[in-house]
Each structure stands twice: as C-alpha cells, then as structure tokens.
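As structure tokens, the structure follows; a few thoughts come after it.
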C-alpha cells in the first residue's frame with residue numbers, strides 16, 4: 001500500500017511538471033519537483049530542444065544520448081543516460097530496435113533503459129553502423145556505460 005501512495009505523489013508531480021513546462025515561455029533544460037521524500041527530475045540534454053507542449057507521456061521519457069568514443073578506441077559508442085535495466089526491444093518477444101549491421105541515424109531509438117518504472121528511450125546521437133551490442137537484453141547498466149559500438153558512416157552509407 002505504501003507504493004500506491006508513492007505512485008500517487010509521483011503522478012501528481014508529473015502533472016505539475018507538465019503544466020509548468022507548458023506554461024513557460026522559454027526553452028526548458030531541467031525540471032525538478034519535490035514533495036516530501038518523493039522527487040521527480042527531468043533533464044533535456046543539448047542540443048535537443050526542450051519540448052514545447054510539455055513532458056513525454058507519463059511513464060516514458062525520451063533521452064538523446066550523445067555518442068562518445070569507447071575508452072582505448074576511436075570507435076564511437078552509444079552510452080546509457082541513466083542507471084537501470086537495458087532492453088533491446090520495445091516489449092518481450094518483439095524484434096530488437098537495432099542489430100549488428102544495422103545503420104542508425106541521429107535520433108533513432110536503439111533501446112530502452114528502465115529506471116524506477118520509467119522507460120527511457122535511448123537514441124543515437126550520430127549516424128553509424130552497429131558493429132557490436134555491448135550489453136545483453138535485460139541486464140543492469142550504469143550511467144554512461146557503453147551500450148552499442150558504432151562505425152561512423154558517410155552520407156553515401158546512411
């Protein structure tokens with residue numbers, strides 16, 4: 001029953017955040033709301049513009065992840081934006097968002113990281129061909145952990 005109360009508080013915070021973002025005149029980079037022990041924080045990373053119409057639907061956030069080179073390698077990787085559980089497909093039994101050999105484009109969803117019952121879509125920050133999936137489906141991930149390795153592609157390949 002205590003979880004139901006916490007969920008109600010978080011739902012209220014989500015509604016407040018939605019109204020706040022919709023009412024603001026300028027772009028929003030971060031929203032942080034707290035009610036007692038419950039807190040809700042949403043951050044949009046540059047260069048993605050803040051949503052003008054409000055937050056993503058309750059229970060789902062979209063996070064753009066900039067691609068960084070893997071340590072000790074010049075190969076770019078897509079990294080986890082949060083600590084959570086990485087899922088390669090939108091639901092159990094479905095085809096994965098991407099597989100080795102696929103070409104991804106900036107903004108394309110490559111997976112989901114579930115954190116505190118919130119599904120965070122992870123998108124590529126640059127174009128590239130997937131050369132390695134670094135985390136198995138359903139495995140825990142840390143913040144900034146590489147999820148996929150990419151080979152950059154040129155306009156002709158993309």
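The values are calculated or read from the model by the stated rules, or taken from the named source; none is laboratory data. This one's a predicted model, so the numbers in the text were calculated from it and none came from an experiment. Neighbour counts are summed over all protein chains in view; Cβ atoms, including those assigned to glycine, are modelled from backbone coordinates with ideal geometry.
Out of all the residues in region 109-124, which are assigned to a loop (DSSP other than H, G, I, E, B) and either modelled with pLDDT of 95 or more or surrounded by 21 or more Cβ atoms within 10 Å (Cβ to Cβ) (or both)? Of everything in region 109-124, just one residue is assigned to a loop (DSSP other than H, G, I, E, B) and either modelled with pLDDT of 95 or more or surrounded by 21 or more Cβ atoms within 10 Å (Cβ to Cβ) (or both), namely 124. Going by the conditions given, is residue 93 modelled with pLDDT under 95 and over 26 Å from residue 14 (Cβ atoms)? Answer is yes for this residue.
Listed here are the residues, each with its yes/no results for (1) in contact with a strand residue (DSSP E or B) (Cβ under 6 Å, 6 or more places away or on another chain); (2) on the phi > 0 side of the Ramachandran plot; (3) touching a residue at least 40 places away in the same chain (Cβ under 8 Å).
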residue	(1), (2), (3)
91	no, no, no
96	no, no, yes
99	no, no, no
106	no, no, no
117	no, yes, yes
120	yes, no, yes
124	yes, no, yes
